[in-house]
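Step one of this worksheet: look at the structure below.
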Amino acid sequence: MNSRRLVRVLSLERLAQSAQSVTLRTDFALLIDGQLEQSAHHLDVINPALGTVFARCPAAHRAELDRAVGAARRAFPAWRARSFADRAALVKQLSQQLRSRQAELAELLTREQGKPLAQSVAEIDRGAAQSDGMVGIEIPVEVLADDNDKHIELRYRPLGVVGIITPWNAPVNLALGPLVSALYTGNTLILKPSPYTPLATLKVGEIMKDVFPAGVVNVLAGGDELGAWMTEHSGIDKISFTGSVATGKKVLASAAATLKRVTLELGGNDPAIVMDDVDPKAVAKKIFFASFVNSGQVCMAIKRIYAHESIYRELCDALVAEAEKAKVGNGLDPGTELGPVQNKMQYDKVVGIIKDTKKIGATFLTGGDIPSGPGYFLPPTLVTDIADDSRLVQEEQFGPIVPILRFNDVDDALRRANDTRYGLSGSVWTQDLQRGTEIAARLEVGTAWVNQHRTTSAFVPFGGAKESGLGRQYSALGLKSYMEPEVVSVAKR
Ligand code: NAD
């Protein structure tokens, strides 16, 4: 079924389901050692489009974590002994299952996360495609020297048990990247979703129960403290963390005690530099989408737009036109393009930035009003005439408000774009591809795009420079970060 038809069918189903949605959904379980389990504790999950609790799931505490780690350790020797091809075949079974249960998962993802249904469908599609892509990557033994005297090889072996901690903005996709990386390279794992969005991940856990041997994959919902217990646990060998810079620093500090390997995928404040030779209307569509998709709650969303003064006014007008036609609403309603902010904490933060931006006298081209609810909705908001040292320019807003800043000299634009502690990604927009490439290479980021933003693939490393992260996900480079390099050096005589 194609995505558009699926959205239509689900919208009709929703009408029938809305009557039931007043009853709390509780059909969720932890996955520990191949068994689905309940717990003495629970999490209430809010639908951000309504601002009310719609589901309850079990929450793991230390005892469950210890049992999951024990199971993962026991499962490790047999799992690592399997070939890459065997492990790849099971990952492909998982992605097939994700595709066949896409409708159910997407609907749940929209209810807990808020994003439009078509984007939930796309998140699951993309996760499955990237999973299939990653298990096609080979990690061969590398021969470093081979002559009459010596043979030196570089081999890679799995680390052991990996702890994966994920955020709330794209819970399925951001779990699958590290999960498939860990499994394919021979590790076993514990996966912990955000307490704001645990449900679709727990359902993926149910699917994985029937695909992988007991103990290889364990899925534990829980609060922030569960994440902290994972980072300090002596039975976990690596943490793959996706989340905020502030928590990433705590993860790194905690992991130091056991010298765990760590991959950190953290926040961003991505600049887009729009040069004088673009067609403002043509680029506005793409730049608007890359800024406001998922209501700006994307690590690599465009968060600052630097526009050359010769196209500045036209670009502002074209972006405002895009913002004013974007339909904001419940992600389950047909035609919705922008859903709510995912949770109250983030909503309050974005509202605070809007208020500060008003207080300093910046110009609101569109948006800026704060609807009374229900739900955590904010309109797409574009701001100009704002100082470089304002909160909106300096902080990661992670919501539907973006500043447009004027420049007339590319060196000045680059200096301002790089004047941040963040370094996730950025983009340059121009018809001159050679010049665009040269400017992009001067951005201090993990990924610099030309005439695009947010394009990733299983074969291309992704991660942050500066405080946006540590290490890379995806590609052979990413996969090797779930492995220990080992040199085998043979003297021939
Ligand atoms: P967060 O840091 O608050 O939480 C992320 C996860 O960490 C959650 O599962 C949370 O329960 C857990 N956690 C909280 N405290 C912990 C601790 N002390 N030790 C271990 N785990 C702990 O982040 P968030 O608000 O859920 O997510 C939004 C942030 O994530 C944004 O900054 C966004 O840019 C970033 N992000 C980065 C990427 C990337 O690939 N670079 C992708 C998506 C989101």
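The values are calculated or read from the model by the stated rules, or taken from the named source; none is laboratory data. In this text the structure is predicted, and so the values were computed from the model without any measurement. Cβ: placed from backbone, ideal geometry, glycine included. Neighbour counts: every protein chain shown. For accessibility, only protein heavy atoms count, side chains too; no ligands or nucleic acids. Shrake-Rupley method; radii C 1.70, N 1.55, O 1.52, S 1.80 Å.
What number of residues within the stretch 409-425 are open to solvent by 50 Å² or more (accessible area, probe 1.4 Å) and without any contact (Cβ under 8 Å) to a residue 12 or more places away in the chain? Outline the logic, then answer.
Taking the stretch 409-425 and keeping what is open to solvent by 50 Å² or more (accessible area, probe 1.4 Å), we get 409, 411, 415, 419, 421.
Next, only the ones that are without any contact (Cβ under 8 Å) to a residue 12 or more places away in the chain stay: 409, 411, 415.
Residues meeting the conditions: 3.
Within the stretch 323-353, being buried (at least 16 other Cβ atoms within 10 Å of the Cβ), part of a helix (DSSP H, G or I) and over 18 Å from the mean Cα position of the chain (by Cα) holds for Ala323, Tyr347, Lys349, Val350, Val351, Ile353. Can you find even one residue in the stretch 400-417 that is within 14 Å of the ligand (Cβ to nearest atom) and in a loop (DSSP other than H, G, I, E, B)? No, there is no match, as no residue in the stretch 400-417 is within 14 Å of the ligand (Cβ to nearest atom) and in a loop (DSSP other than H, G, I, E, B). Scan the stretch 38-45 and give yes if some residue there is surrounded by fewer than 20 Cβ atoms within 10 Å (Cβ to Cβ), of a type in the set (Asp, Glu) and in a strand (DSSP E or B), otherwise no. Yes, the stretch 38-45 has at least one match.
Take the residues in the stretch 205-222 that are within 23 Å of Arg25 (Cβ to Cβ) and open to solvent by 10 Å² or more (accessible area, probe 1.4 Å); name whichever of them is farthest from the chain's Cα centre (by Cα). Among residues in the stretch 205-222 that are within 23 Å of Arg25 (Cβ to Cβ) and open to solvent by 10 Å² or more (accessible area, probe 1.4 Å), the one farthest from the chain's Cα centre (by Cα) is Asp210.
Can you say whether Tyr312 is buried (at least 23 other Cβ atoms within 10 Å of the Cβ) and over 30 Å from Arg157 (Cα atoms), as far as the supplied structure shows? Even if it seems obvious, please write down each step before you answer.
Details: buried (at least 23 other Cβ atoms within 10 Å of the Cβ): no; over 30 Å from Arg157 (Cα atoms): yes.
For Tyr312, the condition - buried (at least 23 other Cβ atoms within 10 Å of the Cβ) and over 30 Å from Arg157 (Cα atoms) - is not met.
Restricting the stretch 426-455 to residues that are out of contact with any helix residue (DSSP H, G or I) (no Cβ under 8 Å at 6 or more places or on another chain) and either within 12 Å of the ligand (Cβ to nearest atom) or part of a loop (DSSP other than H, G, I, E, B) (or both), the residue that is most open to solvent (accessible area, probe 1.4 Å) is Gln431. Can you tell me which of (1) open to solvent by 70 Å² or more (accessible area, probe 1.4 Å); (2) closer than 27 Å to Val135 by Cβ; (3) aliphatic (A, V, I, L, M) is the one Leu50 doesn't meet? Here Leu50 clears every test but (2).
The set of residues in the stretch 186-206 that are farther than 17 Å from Lys92 by Cα and of a type outside the set (Val, Ile, Thr) comprises Leu189, Leu191, Lys192, Pro193, Ser194, Pro195, Tyr196, Pro198, Leu199, Ala200, Leu202, Lys203. Checked against the criterion of being closer than 30 Å to Gly329 by Cβ, assigned to a helix (DSSP H, G or I) and either modelled with pLDDT under 95 or open to solvent by less than 10 Å² (accessible area, probe 1.4 Å) (or both), the candidates Ala118, Ala72, Ala106 yield just one match: Ala106.
Considering every residue within the stretch 370-382, establish whether at least one is within 28 Å of Glu467 (Cβ to Cβ), without any contact (Cβ under 8 Å) to a residue 60 or more places away in the chain and surrounded by 14 or more Cβ atoms within 10 Å (Cβ to Cβ). Checked against the condition, which is being within 28 Å of Glu467 (Cβ to Cβ), without any contact (Cβ under 8 Å) to a residue 60 or more places away in the chain and surrounded by 14 or more Cβ atoms within 10 Å (Cβ to Cβ), the stretch 370-382 yields at least one hit.
The residue of the stretch 75-92 that is least open to solvent (accessible area, probe 1.4 Å), among those that are more than 23 Å from the chain's Cα centre (by Cα) and not hydrophobic (A, V, I, L, M, F, W, C), is Arg87. For the residues Thr231, Thr247, Thr263, the requirement of being over 24 Å from Thr110 (Cβ atoms), in contact (Cβ under 8 Å) with a residue 12 or more places away in the chain, β-branched (Val, Ile, Thr) and open to solvent by 20 Å² or more (accessible area, probe 1.4 Å) singles out Thr247.
What residue, of Lys359, Lys344, is closer than 21 Å to Pro116 by Cα and among the basic types (Lys, Arg)? It would help to see each step written out before you state the result.
Numbers: Lys359 fails: closer than 21 Å to Pro116 by Cα.
Of Lys359, Lys344, the one residue that is closer than 21 Å to Pro116 by Cα and among the basic types (Lys, Arg) is Lys344.
Applying the criterion of at least 3 residues that are in contact with a helix residue (DSSP H, G or I) (Cβ under 6 Å, 6 or more places away or on another chain) and away from the ligand (no atom under 12 Å from the Cβ) to the helices (runs of 4 or more DSSP H) found wholly in the stretch 151-263 leaves 171-184, 199-209.
The residue that is nearest to the ligand (Cβ to nearest atom), counting only those in the stretch 264-306 that are among the aliphatic types (A, V, I, L, M) and assigned to a loop (DSSP other than H, G, I, E, B), is Leu266.
Collect the residues in the stretch 383-399 that are open to solvent by 30 Å² or more (accessible area, probe 1.4 Å) and part of a helix (DSSP H, G or I), keeping them in residue-number order. Once the filter is applied, which keeps residues that are open to solvent by 30 Å² or more (accessible area, probe 1.4 Å) and part of a helix (DSSP H, G or I), the stretch 383-399 yields Arg391, Gln394. Within the stretch 78-97, the set of residues being among the polar types (S, T, N, Q) and part of a helix (DSSP H, G or I) comprises Gln93, Ser95, Gln96, Gln97. Out of Ile360, Ile353, one residue alone is within 16 Å of the ligand (Cβ to nearest atom) and farther than 19 Å from Pro48 by Cα. It is Ile353.
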